[in-house]
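For reference, the structure is listed below as structure tokens.
The values are calculated or read from the model by the stated rules, or taken from the named source; none is laboratory data. A quick note: this is a predicted structure, and the numbers were derived from the prediction, not measured. Quick reminder, even Gly has a Cβ in these numbers, built from the backbone with ideal geometry, and neighbours come from all protein chains shown. For accessibility, only protein heavy atoms count, side chains too; no ligands or nucleic acids. Shrake-Rupley method; radii C 1.70, N 1.55, O 1.52, S 1.80 Å.
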Amino acid sequence: MAQDAGTDTAAVIDGEGVRRRDFINIAAVSAAGVGGLAVIYPLISQMAPSADVLAESSTEVDIAQVQPGMAMKAVFRKQPVFIRNLTPKEIQEAEAVDVGSLRDPQTLAERTKEGKTNWLITMGVCTHLGCIPLGAGEGEVKGEYGGYFCPCHGSVYDTAARIRKGPAPTNLQVPDYEFTSDTVIKIG
Amino acid sequence: MIRIFSILAGLFFAGALAWSLLWDTIGFAQEGLPKTVEKAFYEHPKELHLASDGWFGKFDKKQVKRGFEVYQQVCASCHSLKHVSFRDLAALEYSEAEIKELAAAATVNAPDPLTGEMKDRPGLPADHFPPVVYAGQGHPPDLSLLAKARHDGAAYTYSLLTGYQAQPAELLKQFPDAKTPEGLHYNPYFPNLNLAMPAPLTSDGQVTYSDGTNATIDQMAKDVSAFLVWTAEPKLDKRHQVGFWWLGFLIYATILGYLAYRNVWAGKKH
Amino acid sequence: MSFPWAKQYTPKHPFMVWMDEKLPLPRLVYSAVGGGYEVPRNINYFWNFGFLAGFCLVIQIVTGVILAMHYGGNTQVAFDSTEHIMRDVNYGWMLRYGHANGASAFFVIVYLHIFRGFYFGSYKAPREMIWLLGVVIFLLMMATAFMGYVLPWGQMSYWGAQVITGLFSAIPMVGEPIREWLLGGFAPDNAALNRFFSLHFLLPFVILGVVILHIWALHIPGSSNPTGVEVKSESDTLPFYPYFIAKDGWTIGLFLIIYSLFVFFMPNALGHPDNYIPANPLQTPAHIVPEWYFWPFYAILRSFTQDWLFIIPAKLMGVLAMFSAILVWFFLPWLDKSPVRSGNYRPLYRKFFWVLVLDVLVLGYCGGMPAEQPYVLVAQIASIYYFLHFLVIVPIVSSIERPEPLPYSITEAVLGSDKAAAPGDKA
């Protein structure tokens with residue numbers, strides 16, 4: 001009968017029964033909820049980087065060919081990395097700067113590995129809006145501070161790839177890397 | 001009115017079918033069941049039991065690893081494995097350094113990331129197994145999915161690898177035209193009985209196993225079959241594991257759901 | 001539908017009052033699947049398949065939209081991107097196996113739903129429109145499933161596309177141009193694959209639209225029931241919530257158990273190994289068959305082996321018959337003129353119904369076998385019965401049959417007698 005759901009005599013007399021029944025109904029609905037949540041996990045997880053993408057999350061680069069004063073580009077996580085072998089003069093220029101006067105105060109030593117201060121390894125992505133600065137390729141403009149110059153909006157970086165002029169808020173990012181030998185670095 | 005049309009339409013289709021049936025029956029009466037050499041001499045795959053079989057199956061990693069060694073030392077000269085990456089070998093308990101070494105031994109033709117130009121370079125763990133250039137005639141199939149691309153995949157490869165034999169005299173007596181053509185090899189486990197690939201596993205000890213297992217032909221065939229199940233379905237372990245827990249939960253939830261249904265309907269006849 | 005005793009939605013909370021005024025969505029839910037929708041109390045578990053079919057559609061749309069995020073609809077990458085999903089995408093194997101087996105599950109459920117309709121006469125007035133929309137859904141499902149099967153671009157995908165589009169070339173005069181138009185070329189290639197991908201994405205939403213119409217049309221007369229006697233009084237019905245929500249709800253669990261057994265433990269059991277071989281336009285597999293849910297119709301197609309009376313081409317007849325095998329369902333409400341709906345009270349029709357079930361199973365079996373004897377002969381006999389059943393037997397039986405006596409009402413069928421129903425029911 002449509003409307004006499006409440007007049008179920010057995011249940012009214014037996015209060016214990018009612019409570020037990022409510023419990024089962026609540027448990028069943030909760031189980032459905034738990035199941036629904038469990039299903040959502042793979043549906044969300046599938047959007048995260050897949051195994052083949054993660055496999056390329058670290059890159060090894062052979063830097064034996066890079067002579068002082070030269071630079072090379074490598075690709076790390078589908079983005080350019082600038083690997084630069086600084087000349088003593090460039091190191092000296094970078095160290096001569098008063099760190100306090102910089103927009104993003106960092107010394108060259110903080111941006112390189114101990115004992116390898118000549119190896120300046122930074123992402124080749126301008127921290128302003130993501131363009132690729134010039135200066136790492138052969139014959140490219142290095143800008144007035146001898147580092148990198150981003151032609152999009154005119155950010156100028158010095159020989160430690162620190163922002164000196166223009167709109168970029170921070171220095172070129174230094175990725176996680178380590179020297180696996182004197183001539184090979186592993187980025188990421 | 002519609003029913004008259006419908007009966008006419010029904011008779012139209014039935015008539016056309018009866019016409020086909022009539023001629024096919026006459027043909028059947030004259031020729032009988034089709035009799036071909038494949039029907040008479042094809043053999044279903046031998047039984048093969050692998051650790052990955054069944055609903056609770058898990059790969060026997062040691063065996064799969066041995067199978068990979070068979071692939072490397074025997075199959076790899078003709079057959080590619082393009083859907084598998086070197087990094088996948090981590091699942092066979094290869095260390096990072098070993099994988100790097102295996103990958104570097106391969107030459108991969110890939111676009112240079114800086115210039116976009118296609119270049120040969122040593123392989124990286126992230127690379128897939130490179131294509132294999134086969135010098136002879138024909139196209140040896142890629143093996144990555146073979147175990148799923150054949151009925152009863154693992155048992156099929158195992159039977160095929162151990163099933164090479166001389167053509168039975170009985171076959172030639174019954175089907176004199178069915179002599180194995182020049183350059184093909186008789187194997188009753190191959191659907192049309194003759195295949196281009198010569199027996200790849202020919203002698204015991206052909207493969208050197210790193211774990212010292214005695215490499216009999218039977219052992220090698222089993223191991224490489226187990227390996228091909230892995231290359232075709234690398235997520236099998238995870239699938240069984242997730243499925244087991246999920247199914248357990250579903251049974252629990254369904255029983256609760258049924259009890260709740262009984263509650264709701266208590267006292268209601270239907 | 002609104003029986004006089006059905007409860008009307010009355011919002012209590014001020015927000016719901018406001019909501020009901022601006023957008024009466026709660027009212028719609030309440031009257032469609034809530035306490036305000038009265039359903040015959042005696043419907044059996046065969047009435048669960050509609051709800052389950054809707055659930056399958058949701059599974060397919062959710063997994064399908066996600067797979068489309070990782071799949072590439074181009075002949076160069078389609079096969080490899082499918083393998084990429086299986087190997088590298090997080091839980092990609094689960095999504096793809098879920099989608100492939102979800103299609104099979106959807107068809108199992110829908111076939112049961114359709115045969116429920118055949119047995120219980122659900123297609124009869126006043127429910128003709130529901131039935132017609134249902135047949136439209138089934139046709140759309142077949143088109144969608146076919147195009148989905150082409151997407152992995154394996155051997156069966158390719159040759160399926162070749163054969164199915166080849167059906168259209170049977171049409172006299174314009175057949176060949178139509179086929180080329182469908183494929184955007186002379187054989188299945190990139191143009192075909194890409195448009196199949198696009199349409200395979202679109203059609204499920206068209207199905208969803210027709211499903212909404214199907215349910216809308218259902219809510220006008222309300223559900224039929226195993227007696228086939230229309231609802232007469234309050235004691236014949238129970239509200240959808242909580243009774244039928246609870247009943248449909250727990251069978252979802254049951255369905256998921258069976259479905260998950262396939263997805264997790266035998267995901268390739270219903271597929272064909274050849275589809276794990278990349279498409280090769282120069283080599284046809286030895287034995288090509290469509291997916292199992294097309295087998296009965298495929299058997300009918302192949303049953304026409306001779307030009308009829310040496311005039312009508314066998315190919316044309318086969319195609320005509322295959323499409324007619326489903327199109328006859330559209331006429332069923334008018335071919336069956338028996339005043340009694342339910343097969344439970346139709347002794348003669350009931351026998352033929354079970355013959356039809358057996359017949360379709362035989363057709364399905366033959367359709368999955370190679371096109372050789374004895375399967376073709378058996379399929380021909382089964383096809384003859386199939387057409388005779390719908391076009392000749394059903395009209396004639398419905399005229400000559402003497403139905404068994406019907407109960408006065410649903411209440412009487414459930415409780416033994418209608419008069420005593422009210423007090424007896426509460427016990």
TODO: Take the alpha-carbon centre of the range C:335-366, take the same for the range C:26-61, and report the distance between them in whole Å.
DONE: 26
Open item on the list: Give me a comma-separated list of calculated 3J(HN,Hα) values for the range C:114-127, in order, Karplus coefficients 6.51, -1.76, 1.60 applied at θ = phi - 60°, integers in Hz, x for any Gly or Pro.
Closed with: 5, 6, 4, x, 4, 5, 8, x, 5, 7, 7, 3, x, 10
Task: Relative contact order [Cα under 8 Å, 6+ residues apart], the range A:54-187, whole percent - done: 25
Open item on the list: Using only the heavy atoms of the protein chains and a 1.4 Å probe, how would B:36, B:208 rank by accessible area, largest first?
Closed with: B:208, B:36
- [ ] Quote the accessible area belonging to residue C:18 in square angstrom, nearest 10, computed with a 1.4 Å probe and with ligands, DNA and RNA left uncounted.
- [x] 130
Task: Extension reserve of the residue C:354-residue C:68 stretch, reckoned as 0.36 nm per residue once the Cα distance is removed - done: 98.8 nm
- [ ] Return the inverse of the average 1/r over all pairs of distinct C-alpha atoms in the range A:54-187, which is the Kirkwood hydrodynamic radius, in Å to one decimal.
- [x] 14.7
Task: Given charges at Cβ of Lys, Arg, Asp, Glu: chain C dipole, positive-most of C:263, C:311, C:245 - done: C:245
TODO: With the convex hull built on the Cα atoms of the range A:64-132, state its orientation-averaged projected area in nm².
DONE: 5.4
- [ ] Would you kindly compute the Cα radius of gyration of the range C:290-427 and its largest Cα-Cα separation (Dmax), both in Å?
- [x] 20.4, 71
- [ ] Keeping all protein chains in position, work out how much accessible area residue B:3 exposes to a 1.4 Å probe, and write it in Å² to the nearest 10.
- [x] 60
Open item on the list: Suppose the Debye formula is applied to equal point scatterers at every Cα of chain B; what is log10 I(q)/I(0) at q = 0.11 Å⁻¹?
Closed with: -0.82
Task: Label-point gap, in nm, between residue B:174 and residue C:233 - each point 7 angstrom along Cα→Cβ - done: 7.4
Task: Where B meets C: accessible area buried, both sides, 1.4 Å probe, Å² - done: 6000
Task: Under 5 Å, built H, 5+ apart or other chain: amide partners of residue A:63 - done: A:184, A:185
Task: the range C:377-421-the range B:74-125 distance, computed between alpha-carbon centres (Å) - done: 66
TODO: Please express the shape of the protein assembly as shown as an equivalent ellipsoid: the semi-axes are the square roots of 5 times the eigenvalues of the C-alpha gyration tensor, given largest first in whole angstrom.
DONE: 59, 42, 26
Task: R0 of 30 Å, Cβ-Cβ distance residue C:44-residue B:61: FRET efficiency to nearest 0.05 - done: 0.05
Task: Amide hydrogen neighbours beyond the local backbone of residue C:308, cut-off 5 Å, H modeled - done: C:314
Open item on the list: How large is the translational diffusion coefficient of the range B:1-146 in µm² per second when you combine the Kirkwood radius over alpha carbon pairs with Stokes-Einstein at 20 °C and 1.002 mPa s?
Closed with: 101
Task: Residue-wise HN-Hα coupling along the range A:42-47, computed from phi with Karplus coefficients 6.51, -1.76, 1.60 (Hz; x: Gly, Pro) - done: x, 5, 8, 4, 4, 7
Task: Computed [θ] at 222 nm, deg cm²/dmol, the protein assembly as shown (DSSP H ≥ 4; -39,500 (n - 2.57); rounded to nearest 500) - done: -16000 deg cm²/dmol
Open item on the list: Under the rule of at least 5 residues apart or a separate chain, name every residue whose amide H is placed under 5 Å from the amide H of residue C:279.
Closed with: C:154, C:155
Task: Chains A and C, summed buried accessible surface - 1.4 Å probe, Å², nearest 100 - done: 1700
Task: When the convex hull of its Cα atoms is projected in every direction, mean area for the range C:61-120 (nm²) - done: 4.8
Open item on the list: Per-residue Cβ counts within 10 Å, from other chains only, averaged over A:50-57: what number is that?
Closed with: 6
- [ ] Over the residues of the range C:114-180, compute the C-alpha Rg and express it relative to 2.2 N^0.38 Å.
- [x] 1.53
Task: Coil-residue chymotrypsin sites (Phe, Trp or Tyr not before Pro) of the range C:251-351, DSSP, other Cβ within 10 Å capped at 12 - done: C:310
Open item on the list: Once neighbouring chains are kept in place and the probe is 1.4 Å, which whole percent of the accessible area of the range C:41-415 is contributed by carbon and sulfur?
Closed with: 73
- [ ] Determine the share of the range A:54-187's accessible area contributed by carbon and sulfur atoms, expressed in whole percent, with a 1.4 angstrom probe.
- [x] 50
Open item on the list: Looking at chain C, I'd like the Rg to Rh ratio, where Rg is from alpha-carbon atoms and Rh is Kirkwood's inverse mean 1/r.
Closed with: 1.00
Open item on the list: Taking only complete DSSP H runs, can you tell me which helices of chain B stretch 27 Å or more along their own long axis by Cα positions and average at least 0.5 on the Kyte-Doolittle scale?
Closed with: B:2-31
Open item on the list: Taking C-beta distances below 4.7 angstrom as the pairing criterion, name the unpartnered cysteines of the protein assembly as shown, in sequence order.
Closed with: B:75, B:78, C:56, C:366
Task: Solvent accessible area, Å² - residue C:220, 1.4 Å probe, full protein context - done: 120
Task: Calculated from backbone phi, Karplus (6.51, -1.76, 1.60) coupling profile of the range B:120-134 in Hz, x at Gly/Pro - done: 7, 8, x, x, 10, x, 6, 6, 7, 4, x, x, 10, 8, 9
Task: Solvent exposure, largest accessible area first (probe 1.4 Å, DNA, RNA and ligands not counted), of B:244, B:13 - done: B:244, B:13
Task: Long pairs among B:58/B:100; A:78/A:142; B:179/C:315; B:35/C:315, criterion Cα-Cα beyond 31 Å - done: B:179/C:315
Task: Normalised contact order of chain C, rounded percent, pairs of Cα under 8 Å and 6 or more residues apart - done: 21
Open item on the list: Can you sort B:35, B:235 by solvent-accessible area, 1.4 Å probe, largest first?
Closed with: B:35, B:235
- [ ] Could you tell me the distance between the Cα centroids of the range C:182-228 and the range A:160-176, to the nearest Å?
- [x] 55
Open item on the list: As an exercise, use a Förster radius of 51 Å and the Cβ-Cβ distance of residue C:312 and residue A:178 to find the FRET efficiency, rounded to the nearest 0.05.
Closed with: 0.05
TODO: Compute the FRET efficiency between residue C:16 and residue C:199 as 1/(1 + (r/R0)^6), taking r as their Cβ-Cβ distance and R0 = 45 Å, and round to the nearest 0.05.
DONE: 0.65
Task: Highest average packing first - C:383-390, A:112-119, Cβ atoms within 10 Å - done: C:383-390, A:112-119
TODO: Provide the per residue accessible area, probe 1.4 Å, for chain B, rounded to a whole number of square angstrom.
DONE: 53
Task: Probe 1.4 Å, accessible area per residue of chain A, Å² - done: 53
Open item on the list: Along each principal axis of its Cα atoms, how long is the range B:133-270 end to end? Whole angstroms, biggest number first, please.
Closed with: 79, 45, 29
